[in-house]
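Take a look at the structure below.
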Amino acid sequence: MGRERLTWGLLLRVGVLLTGLCVCVHVYLETGWRGTPAPLGCPTQDSQNWGQQSRTKAEAEEQERSIKRRISYVRTLKKDSQTKKEEDKEEPSPACCPPLRSHRKTPRWHIDLEPWAAVSHSLEDEAKRFLNYITTPQVSCASLTGDEAAQEGTKGAWVACLDPKFSLSHRIQSKHCRVYSFGLGVDDRTLERSLSRAGCEVHCFDPSLKQPHLQQADMWLHRLSIDWRDPNPAFVAQRQYAITKKLATILNDFGHRQVDVLKADMESAEWKILENLVLEGVLDSVGQLLLELHLHWAGFEVGGDDPSVVRYWFSLLKELERANFRLFHVHSDPAKPHLFLHKNVLNASSVYTLSWVNTEWKP
């Protein structure tokens with residue numbers, strides 16, 4: 001009986017001791033996990049205040065993260081502002097009162113149509129604006145070449161400006177003058193011969209020639225003509241020679257960068273050719289543009305009703321103005337019928353020869 005009491009007492013003591021040890025281990029592990037050192041034994045005052053400390057530390061960490069976020073946000077704004085300042089430096093704001101639409105040098109898909117001449121969109125209003133524009137010179141030229149043949153009833157409408165305030169006369173003196181003349185069939189070449197005698201390098205393009213290239217009377221003749229598109233490669237492969245090309249392609253094939261005088265009589269193809277020169281920015285390579293306009297019909301591949309056609313014509317000529325070209329000479333052929341889109345409108349002639357000079361052209 002005494003032995004049994006001794007055994008139970010020993011077991012009770014061992015149990016109490018193990019329980020106390022487990023409690024101490026538990027407290028030690030808890031305080032060690034939270035980062036607060038605690039010796040073995042009963043919990044201390046620090047371990048009793050652990051909940052409050054942990055909440056205070058958590059709030060401090062949250063506040064620190066909030067500060068970091070604010071700092072990161074401010075830095076981002078600063079970086080964005082610096083980027084914006086750099087972009088502003090790279091693209092400075094335009095000067096006061098720029099033109100409504102500046103001349104664009106990059107290739108485009110279509111021209112910018114001008115507003116209608118009047119609310120009515122009538123042919124008479126469009127024709128009046130257009131005819132007034134093509135019959136009013138914009139700059140004066142003190143000296144013309146080729147006007148010795150500009151007599152009544154003749155085709156002496158082709159003139160170039162030799163005024164010293166423009167570059168052609170200086171180019172002739174320095175023997176760097178180059179002339180391109182495009183025509184179909186037999187054409188008046190009084191101007192070409194005059195410029196050739198003055199020392200210009202003259203190239204005449206006529207697709208009706210029998211030989212690809214021919215030198216005649218100090219001028220080069222080429223079996224080639226200007227177009228608003230390059231020929232189909234398959235078509236060229238069959239014929240082994242293309243007789244029509246865009247001006248940009250011709251310049252590239254001949255190794256020429258600029259032309260001092262470009263003369264073109266294209267028998268109603270001039271509108272689409274002029275559109276191509278505008279859209280591809282080739283006008284920057286031309287010093288003077290001499291063009292014969294045919295107004296008795298809309299022209300090749302020009303569609304729409306009559307008022308829309310005249311608005312398109314006017315818009316093309318305004319594109320020339322935005323490219324720094326100014327009209328200096330106008331000639332209407334009195335021998336031609338007075339037809340304007342198959343009608344007698346304002347007694348307008350069916351053919352006008354216009355001459356423009358690039359006032360900003362410096363080759």
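The values are calculated or read from the model by the stated rules, or taken from the named source; none is laboratory data. The model shown is predicted, which means the values in this text are computed figures rather than measured ones. Note: ideal-geometry Cβ built from the backbone for every residue, glycine included; neighbour counts use all protein chains shown. Note: areas computed on protein heavy atoms with side chains; ligands, DNA, RNA excluded. Shrake-Rupley method; radii C 1.70, N 1.55, O 1.52, S 1.80 Å.
Across the range 161-191, the qualifying residues are those that are out of contact with any Phe, Trp or Tyr (no Cβ under 9 Å at 6 or more places or on another chain) and assigned to a strand (DSSP E or B), and the one among them that is most open to solvent (accessible area, probe 1.4 Å) is Arg178. The conditions of being at pLDDT below 80, among the small types (Gly, Ala, Ser) and either out of contact with any Lys or Arg (no Cβ under 6 Å at 6 or more places or on another chain) or not in a loop (DSSP other than H, G, I, E, B) (or both) are met by Ser102. The combined condition, being surrounded by fewer than 17 Cβ atoms within 10 Å (Cβ to Cβ), charged (D, E, K, R), part of a helix (DSSP H, G or I) and at pLDDT 95 or above, is not fulfilled by Glu275. Within the range 220-231, residues that are in contact (Cβ under 8 Å) with a residue 24 or more places away in the chain have Cβ atoms under 8 Å from residues that are among the aromatic types (Phe, Trp, Tyr) in these pairs: Leu224/Phe205; Ser225/Phe182; Ser225/Phe205; Ile226/Phe182; Ile226/Phe205, counting only partners at least 6 apart in sequence or on another chain. When the test is whether a residue is farther than 27 Å from Lys362 by Cα and at pLDDT 90 or above, Phe166 does not pass it.
Each row is one residue, and each column tells you yes or no for (1) touching a residue at least 24 places away in the same chain (Cβ under 8 Å); (2) part of a helix (DSSP H, G or I); (3) not hydroxyl-bearing (Ser, Thr, Tyr).
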| site | (1), (2), (3) |
| --- | --- |
| Asp284 | yes, yes, yes |
| Gln288 | yes, no, yes |
| Tyr312 | yes, yes, no |
| Lys318 | yes, yes, yes |
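It is to be established whether one or more residues within the range 248-270 are under 26 Å from Ala117 (Cα atoms), touching a residue at least 40 places away in the same chain (Cβ under 8 Å) and not in a loop (DSSP other than H, G, I, E, B). Checked the range 248-270: no residue is under 26 Å from Ala117 (Cα atoms), touching a residue at least 40 places away in the same chain (Cβ under 8 Å) and not in a loop (DSSP other than H, G, I, E, B). Within the range 344-363, if we keep just the residues that are in a strand (DSSP E or B) and within 15 Å of Phe130 (Cα to Cα), the residue that is farthest from the chain's Cα centre (by Cα) turns out to be Val351. Pro337 satisfies every condition listed in (1) in a strand (DSSP E or B); (2) loosely packed, with under 14 Cβ neighbours inside 10 Å; (3) of a type outside the set (Phe, Trp, Tyr) except (1). Filtering Gly299, Gly303 for residues that are in a loop (DSSP other than H, G, I, E, B) and more than 20 Å from Gly183 (Cβ to Cβ) leaves a single hit, Gly303.
Among the residues of the range 245-263, those that are open to solvent by less than 10 Å² (accessible area, probe 1.4 Å) and not aliphatic (A, V, I, L, M) comprise Asp260, Lys263. Restricting attention to the range 269-301 and to residues that are within 11 Å of Ala248 (Cα to Cα) and among the small types (Gly, Ala, Ser), the residue that is nearest to the chain's Cα centre (by Cα) turns out to be Gly281.
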